[in-house]
Amino acid sequence: MAFIPTNRPVLGKDLDAMRQSFGITTTDALFLFGLSITRWMYAVRRDAELPLADTSLALLLRFMDQNPDLFLLPKFPTPPDVFDSIKEHVQMHPRHFSLIMGAESTASNRWLSGSGRQSPSVMRLLWYVNEALNQASGKPSQANQSAEGLDPEELIERLIETAKLEATLRGTPDLFKAGRWPVIKQRDRDVPRDTKRSRSIAAKLAAEGPEAAVIAKAKTTSKAAAKSTSKAKAKA
């Protein structure tokens, strides 16, 4: 039964209502509706009570509401489903299962008990692995491409070796022994990026003399301090 009323236009808030009815994440909803995160936030937050400005999107929501069985996103398998499929072919410790999916070893306890959620990237990796195993085993598959030439055992071994290789390249030569992936330090936000614009500004400051560079640095430091103070007040 359709949930968007027929006595009013499609509103911004209907986007999030449909996302919840499908049980999908905001990340998946952005793909499903073809929106950027900025347009999504405007529609579901700022303009929640206003008709959608994009009439094609409004009609898309109406059509999807009237035909809920037509769903663009794949049906993602659960971690227990994929783990059981793997165990049909090889012996694997539960803790190793989450490691080869890019998570820490303790995540398996939550995943396999049904009490933990997976990130969108984990969900997609689970889907690909499950589809490849189905194809290699001659089972029905959602994918329209074939993983021919691999048997299930070889496919799982390749998955394990791929995870170990990536872990080694990131500084953990024995992933299973470590039980967790190394933490990669992100770029310091206070360090300016080396871009064409930053080089242009640097050249301009150099031409104006050392005083201009000092003033520019002071302004940057002041802005950073003000931002830090604002965040501290918000937390308080």
Is at least one residue of the stretch 61-78 at pLDDT 90 or above and not in a helix (DSSP H, G or I)? yes
Per the filter on the stretch 111-136, residues more than 19 Å from the chain's Cα centre (by Cα) and part of a helix (DSSP H, G or I) are LEU112, SER113, GLU131, ALA132, LEU133, ASN134, GLN135, ALA136
Here the residues within the stretch 177-197 that are assigned to a helix (DSSP H, G or I), surrounded by fewer than 12 Cβ atoms within 10 Å (Cβ to Cβ) and modelled with pLDDT of 80 or more are LYS177
PHE3 meets each of (1) in contact (Cβ under 8 Å) with a residue 40 or more places away in the chain; (2) assigned to a helix (DSSP H, G or I); (3) over 23 Å from the mean Cα position of the chain (by Cα) with one exception, condition (2)
Residues of the stretch 86-101 being surrounded by 15 or more Cβ atoms within 10 Å (Cβ to Cβ) and part of a helix (DSSP H, G or I), in sequence order, are ILE86, PRO94, ARG95, HIS96, PHE97, SER98, LEU99
Here the residues within the stretch 1-58 that are in contact with a helix residue (DSSP H, G or I) (Cβ under 8 Å, 6 or more places away or on another chain), open to solvent by 30 Å² or more (accessible area, probe 1.4 Å) and of a type in the set (D, E, K, R) are LYS13, ASP16, ARG19, GLU49
Within the stretch 73-82, the residues that are buried (at least 20 other Cβ atoms within 10 Å of the Cβ) and hydrophobic (A, V, I, L, M, F, W, C) are VAL82
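The values are calculated or read from the model by the stated rules, or taken from the named source; none is laboratory data. These numbers come from a predicted model, not from an experiment. Here the Cβ is made from the backbone with ideal geometry for all residues, glycine too, and neighbour counts use every protein chain on show. Remember, those area values only see protein heavy atoms, side chains included, never the ligands or the DNA or RNA. Shrake-Rupley method; radii C 1.70, N 1.55, O 1.52, S 1.80 Å.
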